[in-house]
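A.B. asks: Next up is a structure, given as structure tokens.
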Amino acid sequence: MVKKREWHIVCDNKENITEIKAIAEKLKIKTLTARLLYNRGYKTAEMAESFIRNENISFHDPFLLKDMDKAVDRIMKALENNEKIVIYGDYDVDGVTSVSILYLYLKDKGADVGYYIPSRTGEGYGINPSAIESLAEKEVKLLITVDTGITAVSETEYAKQLGLDVLITDHHECQNELPAACAIVNPRRPDCVYPFKELAGVGVVFKLLCSLESTYCKRNNIEKDSIKEICDTYGDVVAIGTVADVMPLVDENRLIVSRGLKLIDNTKRIGIQALLEQSGAVSGGKYGEQKKKRRITSTLISYVIAPRINAAGRISDATRAVELFLCETTSEAKGIAEELCDTNRMRQAEENKIIEQAYDKIQKEHDFENDKVIVLAEDNWHNGAIGIVASRITEKYNLPSILISFDGNVSKGSGRSIKGLNLVEALSYCSDLLIKYGGHELAAGLSIERDNLPEFKKRINEYARTHLKPENMVTQIDIDAEVDEDDITLENAEELFLLEPFGISNPVPVFSMKDAYIADAMAIGSNRHTKYIFKKGNKTVTALYFGKNPTEINLYTGDTADVVFNLDVNEYMNNRTVQLTIRDILPGEKTKKLRDEKRNAYNDVKNGRTISADERIIPSREDFVNVYYAIQREIRQGNENISVILLENLLNNMSYVKIRFIIDILKETNVFNIECRDEVEDEYIIKTNSINGKINLEKSSILKWLKSRVEKN
């Protein structure tokens, strides 16, 4: 299936160059940076400076959150009476960071506090009755949920029956009935007037700490800025949870993450420092060396820090990640950080195994014509990896996907969606078939019995057909500005960091460039990624395309390309250079025209044009042998995506038209199993066939017909 893509330049106001240059001059920044700010709505120097400095953002009053006063009073009562408190959290990064900061705060206030994070594989998401029973037996009086609990109606009632007060803090979508808790702090409550609804779970806990600290200070006649105190003490951990949960980095989230990144950059939290070192973000420091540190950005959190924290809850035990934030000795921190890095490697291996199986099932099972939601189920897929695999499937096909892992009759599932289909609402439509479900618009979890799976597939696709529109299934790549080679400089790349933190609603700047000449193309990273060397004018620049090898992209040395990219800084061996990270790439105008001419030449012959003797289109036995072995080499290297353009590059002296007819003949004679890839006429998926005995290619009807088309002298 072709993933439809459209490039869209958001608002490239080249005609407003006077205003843009005025911003650049006033703020002493590069014209490209000023263009970005102008195009994103900051039309004056004052507005642009305010955005860069975060001067237009302030923290909202935390007591505007519904039930915040009740939550503070109940926790204060527990502190005064020395009641046993347990924090009940989710096993992802948002949950782990939420547990960590609330535990540290309450412990600092002298509370008798512990924490509980359920096992993903053994217990699953949310509050469960057996955990409540065990906590009641330990005489816990107050159960505080973080990043979970908003759908736990029956579980909250059960806890109350066993003598536990339940205080819920969460940020997930609310269902029709709210639990009967002593307080529910969730900005998404329909009756909550809080002006910013996009806080992460850890953001809600951050607001709770601000409320607790201001109340504590008032009651004890302490004069200090309570919000600043909480920011300075816990902002690093709050930033990690907010970025990891992919919340929009606007309003309070931008302020939280901006401050948190600065704290991480000079962190005194030994757990974070150890994780930075073990992940390679900080290196050196031995035998008098000065430590080298990568720039701390939201991207570093997303791709380096968060996956290692997440891996604990996905593969082993999320409490190990909490312990990293709580640990007090360097040796302990180093040991846990090493363990998390090892666990992350295990997670990657498990993920890769499932993704191969999932892609195979999609090709065999999914009906792309009728079904808009990809639903896959298998026994004993690892619960900790299916969410990540669902993300990759949704990214690849631009369709909602749900992966379900069965253990006996009952399953755990994880889904990801696209803009236009609210996944929680879609699951609600199927709620009578589910044991439980919950989550966000674009990501959710569920549990279902095996017997209900066929009806669930039918029902959720029925819902999707009425809600997803064709435009939702087109991947639109928003481009901030089209640039030329003169804009691709190290200075411009470095200055983009002024716009950090990047994330949803403030994305990493995306640029496009047309007709770049490919001076070199090579596979890297065990053939999983591609490195290009582009030339444009007098500029030569390196570009990396992660997740695709050259044969999937089908652009090679000598071609021209239109490319969409992020402008990055590469740091290697104390050298800093500008580098492109490719988001999408297409043939340039020259290459597109040349390929169309070759396809037309093939189609002309196929449609009956007479072949002149000197065209050398009729393949010889040697030609068949060369193409055969070239295809076999690719298949042995694990590449089944083979195009005529690739074979042209491998077989320098053979023409496109001849290769195309050779493939037609090899398909006709069943030498290979050949199917068109993604509906493109000269790109194929080729697999080896078992052949009994020799095949006489001279008997091919296509070859006979070709020979009959050669003009006679």
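The values are calculated or read from the model by the stated rules, or taken from the named source; none is laboratory data. Quantities reported herein were computed from a predicted structural model and do not represent experimental measurements. Please note: Cβ atoms are built from the backbone with ideal geometry, for glycine as well, and neighbour counts cover all protein chains shown. Heavy atoms of the whole protein, side chains included, go into the accessibility calculation; ligands, DNA and RNA do not. Shrake-Rupley method; radii C 1.70, N 1.55, O 1.52, S 1.80 Å.
A.B. asks: For the stretch 582-591, enumerate the residues that are open to solvent by 90 Å² or more (accessible area, probe 1.4 Å) and either at pLDDT below 95 or outside any helix (DSSP H, G or I) (or both).
C.D. replies: Passing the criteria: only Arg583.
A.B. asks: Further, regarding this structure: Within the bounds of the stretch 668-687, is there any residue that is closer than 27 Å to Thr610 by Cα and assigned to a helix (DSSP H, G or I)?
C.D. replies: Yes.
A.B. asks: Among (1) more than 28 Å from Ala443 (Cβ to Cβ); (2) at pLDDT below 90, which single condition is Val246 missing?
C.D. replies: (1)
A.B. asks: Next up: So which of Lys197, Lys107, Lys141 ends up being open to solvent by 40 Å² or more (accessible area, probe 1.4 Å), in contact with a helix residue (DSSP H, G or I) (Cβ under 8 Å, 6 or more places away or on another chain) and at pLDDT 95 or above? Explain how you work it out, then say what you get.
C.D. replies: Working: Lys197 fails: in contact with a helix residue (DSSP H, G or I) (Cβ under 8 Å, 6 or more places away or on another chain); Lys107 fails: in contact with a helix residue (DSSP H, G or I) (Cβ under 8 Å, 6 or more places away or on another chain).
Just a single option satisfies the conditions, and that option is Lys141.
A.B. asks: Sticking with this structure for a sec: Residues in the stretch 19-39: is at least one at pLDDT below 90 and out of contact with any Cys (no Cβ under 6 Å at 6 or more places or on another chain)?
C.D. replies: no
A.B. asks: Turning to a different aspect of this structure: Here's a check for you: in the stretch 537-554, which residue that is of a type outside the set (S, T, N, Q) and modelled with pLDDT of 95 or more is farthest from Gln579 (Cα to Cα)?
C.D. replies: Per the stated criteria, the residue is Tyr545.
A.B. asks: Output the residue which, of all residues in the stretch 14-38 that are touching a residue at least 24 places away in the same chain (Cβ under 8 Å), part of a helix (DSSP H, G or I) and more than 14 Å from Asp480 (Cα to Cα), is least open to solvent (accessible area, probe 1.4 Å). So that I can check it myself, show each step before the final result.
C.D. replies: Initially, the stretch 14-38 is screened for residues touching a residue at least 24 places away in the same chain (Cβ under 8 Å), giving 19, 23, 27, 29-30, 32-33, 35-38.
Within this subset, residues satisfying the condition of being part of a helix (DSSP H, G or I) are 19, 23, 27, 32-33, 35-38.
Going one step further and asking which of them are more than 14 Å from Asp480 (Cα to Cα), we end up with 19, 23, 27.
Numbers: Glu19: 78, Ile23: 3, Leu27: 35 Å².
Per the criteria, the residue is Ile23.
A.B. asks: Restrict the check to the stretch 621-637 and report whether at least one residue is part of a loop (DSSP other than H, G, I, E, B) and at pLDDT 90 or above. Spell out the reasoning first.
C.D. replies: So in the stretch 621-637, the residues part of a loop (DSSP other than H, G, I, E, B) come out as 637.
Of the ones still in play, those that are also at pLDDT 90 or above are none.
Looking for residues that are part of a loop (DSSP other than H, G, I, E, B) and at pLDDT 90 or above, one finds none in the stretch 621-637, hence no.
A.B. asks: Which condition does Ile662 not pass, out of (1) assigned to a strand (DSSP E or B); (2) in contact (Cβ under 8 Å) with a residue 40 or more places away in the chain; (3) crowded, with 16+ Cβ neighbours inside 10 Å, if it passes all the others?
C.D. replies: (1)
A.B. asks: Continuing with this model, one more query. How about the stretch 187-202: which of its residues are of a type outside the set (Asp, Glu) and free of Cβ contacts under 8 Å to residues at least 60 places away in the same chain?
C.D. replies: Arg188, Pro190, Lys197, Leu199
A.B. asks: Examine the stretch 282-292 for a residue that is at pLDDT 85 or above and either touching a helix residue (DSSP H, G or I) at 6+ places or on another chain (Cβ under 6 Å) or of a type in the set (Gly, Ala, Ser) (or both), and state whether such a residue exists.
C.D. replies: So in the stretch 282-292, the residues at pLDDT 85 or above come out as none.
The answer is no, given that none of the residues of the stretch 282-292 is at pLDDT 85 or above and either touching a helix residue (DSSP H, G or I) at 6+ places or on another chain (Cβ under 6 Å) or of a type in the set (Gly, Ala, Ser) (or both).
A.B. asks: So in the stretch 401-422, with the set limited to residues that are aliphatic (A, V, I, L, M) and at pLDDT below 95, which one is nearest to Asp451 (Cα to Cα)? Quick ask: steps written out before the conclusion?
C.D. replies: Of the stretch 401-422, the ones aliphatic (A, V, I, L, M) are 402-404, 410, 418, 421.
Then keep just the ones that are at pLDDT below 95; that gives 410, 418, 421.
Numbers: Val410: 9, Ile418: 27, Leu421: 25 Å.
Ranking the qualifying residues of the stretch 401-422, first place goes to Val410.
A.B. asks: Still on this structure, please answer the following. Any residue in the stretch 229-241 that is under 16 Å from Ile305 (Cβ atoms) sitting within a Cβ distance under 8 Å of a residue that is open to solvent by less than 10 Å² (accessible area, probe 1.4 Å) and of a type in the set (D, E, K, R)? List the pairs, counting only those 6 or more apart or interchain.
C.D. replies: These pairs meet every condition: Gly241/Asp94.
A.B. asks: Here's something else I'd like to know. So which residues in the stretch 651-705 are touching a Phe, Trp or Tyr at 6+ places or on another chain (Cβ under 9 Å) and of a type in the set (Val, Ile, Thr), if there are any at all?
C.D. replies: Those that are touching a Phe, Trp or Tyr at 6+ places or on another chain (Cβ under 9 Å) and of a type in the set (Val, Ile, Thr): Val657, Ile662, Ile663, Ile665, Val671, Ile674, Ile686, Thr688, Ile702.
A.B. asks: With the requirement that a residue be hydrophobic (A, V, I, L, M, F, W, C), more than 23 Å from Cys676 (Cα to Cα) and open to solvent by less than 40 Å² (accessible area, probe 1.4 Å), what does the stretch 606-647 give you?
C.D. replies: Hit for the stretch 606-647 is Ile611, nothing else.
A.B. asks: I'd like the full set of residues that are open to solvent by 60 Å² or more (accessible area, probe 1.4 Å) and either among the basic types (Lys, Arg) or part of a strand (DSSP E or B) (or both), limited to the stretch 486-519.
C.D. replies: Of everything in the stretch 486-519, those that are open to solvent by 60 Å² or more (accessible area, probe 1.4 Å) and either among the basic types (Lys, Arg) or part of a strand (DSSP E or B) (or both) turn out to be Lys514, Asp515, Tyr517.
A.B. asks: Another question about this same structure. Just give me the residues in the stretch 674-710 being in contact with a strand residue (DSSP E or B) (Cβ under 7 Å, 6 or more places away or on another chain), of a type outside the set (Lys, Arg) and open to solvent by 70 Å² or more (accessible area, probe 1.4 Å), in sequence order.
C.D. replies: Of everything in the stretch 674-710, those that are in contact with a strand residue (DSSP E or B) (Cβ under 7 Å, 6 or more places away or on another chain), of a type outside the set (Lys, Arg) and open to solvent by 70 Å² or more (accessible area, probe 1.4 Å) turn out to be Glu675, Cys676, Thr688.
A.B. asks: Something else: What's the total number of residues in the stretch 200-239 that are within 20 Å of Arg269 (Cβ to Cβ), in contact with a helix residue (DSSP H, G or I) (Cβ under 7 Å, 6 or more places away or on another chain) and hydroxyl-bearing (Ser, Thr, Tyr)?
C.D. replies: Of the residues in that region, 1 qualify.
Every residue, every condition in (1) at pLDDT 95 or above; (2) buried (at least 22 other Cβ atoms within 10 Å of the Cβ); (3) of a type in the set (Val, Ile, Thr); (4) closer than 22 Å to Ser505 by Cα, yes or no:
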{"site": "Thr156", "(1), (2), (3), (4)": "yes, yes, yes, no"}
{"site": "Leu167", "(1), (2), (3), (4)": "yes, yes, no, no"}
{"site": "His171", "(1), (2), (3), (4)": "yes, yes, no, yes"}
{"site": "Cys174", "(1), (2), (3), (4)": "no, no, no, no"}
{"site": "Gly201", "(1), (2), (3), (4)": "yes, yes, no, yes"}
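A.B. asks: A follow-up question, please. Could you please give the count of residues in the stretch 457-474 that are part of a helix (DSSP H, G or I) and touching a strand residue (DSSP E or B) at 6+ places or on another chain (Cβ under 6 Å)?
C.D. replies: Residues that pass the stated criteria total 1.
A.B. asks: Something else now. Yes or no: Ala180 in contact with a Gly (Cβ under 7 Å, 6 or more places away or on another chain), farther than 21 Å from Leu104 by Cα and of a type in the set (A, V, I, L, M, F, W, C)?
C.D. replies: no
A.B. asks: Which of the residues that make up the stretch 298-347 are under 19 Å from Asp236 (Cα atoms) and acidic (Asp, Glu)?
C.D. replies: Glu323, Glu328
A.B. asks: Please determine, by comparing only the residues of the stretch 415-441 that are open to solvent by 20 Å² or more (accessible area, probe 1.4 Å) and among the small types (Gly, Ala, Ser), which one is nearest to the chain's Cα centre (by Cα).
C.D. replies: Checked the stretch 415-441; the qualifying residue nearest to the chain's Cα centre (by Cα) is Gly420.
A.B. asks: While we're on this one: Kindly indicate which of Ile52, Ile57 is farther than 20 Å from Ile479 by Cβ, in contact with a helix residue (DSSP H, G or I) (Cβ under 8 Å, 6 or more places away or on another chain) and outside any helix (DSSP H, G or I).
C.D. replies: When all the criteria are applied, what remains is Ile57.
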